[in-house]
Amino acid sequence: DAGVIQSPRHEVTEMGQEVTLRCKPISGHDYLFWYRQTMMRGLELLIYFNNNVPIDDSGMPEDRFSAKMPNASFSTLKIQPSEPRDSAVYFCASGWTASGNTIYFGEGSWLTVV
Amino acid sequence: EDQVTQSPEALRLQEGESSSLNCSYTVSGLRGLFWYRQDPGKGPEFLFTLYSAGEEKEKERLKATLTKKESFLHITAPKPEDSATYLCAVWSGGSNYKLTFGKGTLLTVNP
């Protein structure tokens, strides 16, 4: 089992640029989550999907953030325009209904906005 | 709003020195409590799920327990490779699959 795959692992970008983070969930999972981790706030849920449909995006900080899941094996999180305060580790996680809400995380995308 | 508080923030142990990590929570109706381990530069790794008060789960040197207000992660005779950040999360259920995480306990085990 390949696990949740995220790319890029590291990204350094200039303020104002567009950033796209990518995620491939574990095959067969019907839930996909995007989390952000910072020292100050810990792990925060940004958005989650069920069967490719966004269910709760109340954690998305502002309109600069958007997420899509065009099919069961791919999701993107986009930040446009990026700001230095967006610097964080972004995690994708997936799970399935029968797992009792156990979710499995990818290795994360480390974003630095300068 | 669900709240999770983990203590201590950091814990340093000698190899073989047993101890416990605490996770206290406030939720409107607990459906599940989760423990994860996170190594530096890695994503959280699933350890346990507990669903009801009185439940216990064990894995090697780790044992997780659950009461109506808190969970403990007991570490027996730890080894240096147990050094990591341990995260606790709660799921308050309903139709919402949102997990609320604590900020974690950084455990260091010295040889």
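Among the residues of the stretch A:72-93, count how many are in a strand (DSSP E or B), more than 14 Å from chain B (Cβ to nearest Cβ) and among the hydrophobic types (A, V, I, L, M, F, W, C). Reasoning before the result, please.
To start, the set of residues in the stretch A:72-93 that are in a strand (DSSP E or B) comprises A:74-79, A:88-93.
After this cut, where a residue has to be more than 14 Å from chain B (Cβ to nearest Cβ) as well, the list is A:74-79.
With the extra rule that they be among the hydrophobic types (A, V, I, L, M, F, W, C), the set shrinks to A:74, A:77, A:79.
Of the residues in that region, 3 qualify.
Counting just the residues of the stretch B:10-47 that are under 30 Å from B:P111 (Cβ atoms) and among the polar types (S, T, N, Q), which one comes out surrounded by the most Cβ atoms within 10 Å (Cβ to Cβ)? Give the derivation first.
Filtering the stretch B:10-47 down to residues under 30 Å from B:P111 (Cβ atoms) leaves B:10-23, B:34-47.
Imposing the further condition that a residue be among the polar types (S, T, N, Q) reduces the set to B:14, B:18-20, B:22, B:38.
Working: B:Q14: 9, B:S18: 11, B:S19: 15, B:S20: 12, B:N22: 15, B:Q38: 20.
Filtering the stretch B:10-47 for residues that are under 30 Å from B:P111 (Cβ atoms) and among the polar types (S, T, N, Q), the one surrounded by the most Cβ atoms within 10 Å (Cβ to Cβ) comes out as B:Q38.
Quick check on the stretch B:15-33. Is at least one of its residues of a type in the set (F, W, Y) and part of a loop (DSSP other than H, G, I, E, B)?
The initial filter retains those residues of the stretch B:15-33 that are of a type in the set (F, W, Y), namely B:25.
Adding the requirement that they be part of a loop (DSSP other than H, G, I, E, B) leaves none.
No - not one qualifying residue is present in the stretch B:15-33.
Only residues that are surrounded by fewer than 18 Cβ atoms within 10 Å (Cβ to Cβ) and part of a strand (DSSP E or B): list them for the stretch B:48-64, please.
Matches in the stretch B:48-64: B:E56, B:K57, B:E58, B:K59, B:K63.
Look at the stretch A:12-26 and say how many of its residues are surrounded by fewer than 17 Cβ atoms within 10 Å (Cβ to Cβ) and farther than 18 Å from A:R36 by Cα.
Counting residues in the stretch A:12-26 that are surrounded by fewer than 17 Cβ atoms within 10 Å (Cβ to Cβ) and farther than 18 Å from A:R36 by Cα gives 4.
If you take the residues in the stretch B:1-14 that are in a loop (DSSP other than H, G, I, E, B) and charged (D, E, K, R), which one is nearest to A:N101 (Cα to Cα)? Before you say what the answer is, go through the steps one by one.
Quick first cut of the stretch B:1-14, residues in a loop (DSSP other than H, G, I, E, B) only: B:1-2, B:8-9.
Okay, now just the ones that are also charged (D, E, K, R), so B:1-2, B:9.
Working: B:E1: 19, B:D2: 16, B:E9: 26 Å.
Top of the filtered list is B:D2.
Please find, within the stretch B:6-47, the residue that is farthest from A:G106 (Cα to Cα) out of those that are within 11 Å of chain A (Cβ to nearest Cβ) and of a type in the set (S, T, N, Q).
B:Q6
Output the number of residues of the stretch A:73-88 satisfying the condition of being surrounded by fewer than 17 Cβ atoms within 10 Å (Cβ to Cβ) and either more than 13 Å from the chain's Cα centre (by Cα) or without any contact (Cβ under 8 Å) to a residue 60 or more places away in the chain (or both). Working first, answer last.
Looking only at the stretch A:73-88, we keep the residues that are surrounded by fewer than 17 Cβ atoms within 10 Å (Cβ to Cβ), and these are A:73-74, A:76, A:78, A:80-81, A:83-85, A:87.
Filter once more, so that each one left must be either more than 13 Å from the chain's Cα centre (by Cα) or without any contact (Cβ under 8 Å) to a residue 60 or more places away in the chain (or both): A:73-74, A:76, A:80-81, A:83-85, A:87.
Residues that pass the stated criteria total 9.
Could you check A:W96 against (1) exposed (fewer than 13 other Cβ atoms within 10 Å of the Cβ); (2) within 11 Å of another protein chain (Cβ to nearest Cβ); (3) not charged (D, E, K, R) and say which number it fails?
Every condition holds for A:W96 apart from (1).
Which one of A:D30, A:D56 is within 14 Å of chain B (Cβ to nearest Cβ), touching a Lys or Arg at 6+ places or on another chain (Cβ under 8 Å) and surrounded by fewer than 19 Cβ atoms within 10 Å (Cβ to Cβ)?
Values: A:D30 fails: touching a Lys or Arg at 6+ places or on another chain (Cβ under 8 Å).
Going through A:D30, A:D56 in turn, the sole match is A:D56.
Which condition does A:M69 not pass, out of (1) surrounded by 20 or more Cβ atoms within 10 Å (Cβ to Cβ); (2) of a type outside the set (D, E, K, R); (3) within 14 Å of chain B (Cβ to nearest Cβ), if it passes all the others?
Against the list (1) surrounded by 20 or more Cβ atoms within 10 Å (Cβ to Cβ); (2) of a type outside the set (D, E, K, R); (3) within 14 Å of chain B (Cβ to nearest Cβ), A:M69 comes up short only on (3).
Hand me the list of strands (runs of 3 or more DSSP E) wholly inside the stretch B:65-111 holding 1 or more residues that are more than 14 Å from chain A (Cβ to nearest Cβ) and out of contact with any Lys or Arg (no Cβ under 7 Å at 6 or more places or on another chain). Spell out the reasoning first.
Working: elements: B:70-75, B:84-91, B:99-101, B:105-110.
Answer list for the stretch B:65-111: B:70-75, B:105-110.
Read the figures in this text as sums done on the coordinates, not as results from a lab. For clarity, every value in this text was computed on a predicted model and none was experimentally measured. Cβ sites come from the backbone with ideal geometry, for glycine too, and all protein chains shown count toward neighbours.
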